[in-house]
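The values are calculated or read from the model by the stated rules, or taken from the named source; none is laboratory data. Here the structure is a predicted model, which is why all the values come from computation and not from measurement. So basically every Cβ, Gly included, is an ideal-geometry build from the backbone, and we count neighbours across all protein chains shown.
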Amino acid sequence: MPQIVVIDPNPETRAVLERALQAQGHTVVSLASLEQTSGPNGTSIETRPLKLRDIERAVIEEALQANHGNRTHAARQLGISLRKLQYRLKEYGVLNQK
């Protein structure tokens, strides 16, 4: 099952959503875990949330890797059409991932 990222500014609502999704067996990733908190050698750097575009690209690349480059299976895992996946791959410049 793909990971689900819950982005909600209200911590109470976010917690309820995360618990409900976890109860259904989904893997939930908090936004805080997607922020970069330290640089090389453990040096502290300013944290910044990743852009949705960066998260989407990373999830697509992960799905392709998990499915050994099979775009049809990756699209099915992501819950999107093959055509949409191909459009995103072209948009993000991800080509011939195998």
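General observations
- Selection of the stretch 51-69 for residues being closer than 13 Å to Q86 by Cα and exposed (fewer than 15 other Cβ atoms within 10 Å of the Cβ) yields only G69.
- Elements of type helices (runs of 4 or more DSSP H) in the stretch 1-74, at least 2 residues being more than 27 Å from E91 (Cβ to Cβ) and either modelled with pLDDT of 65 or more or in the same structural domain as Y87 (by TED's automatic domain parsing) (or both): 11-23
- Looking across the stretch 78-98 at every residue that is among the polar types (S, T, N, Q) and either at pLDDT below 90 or part of a loop (DSSP other than H, G, I, E, B) (or both), the one that is farthest from T27 (Cα to Cα) is identified as N96.
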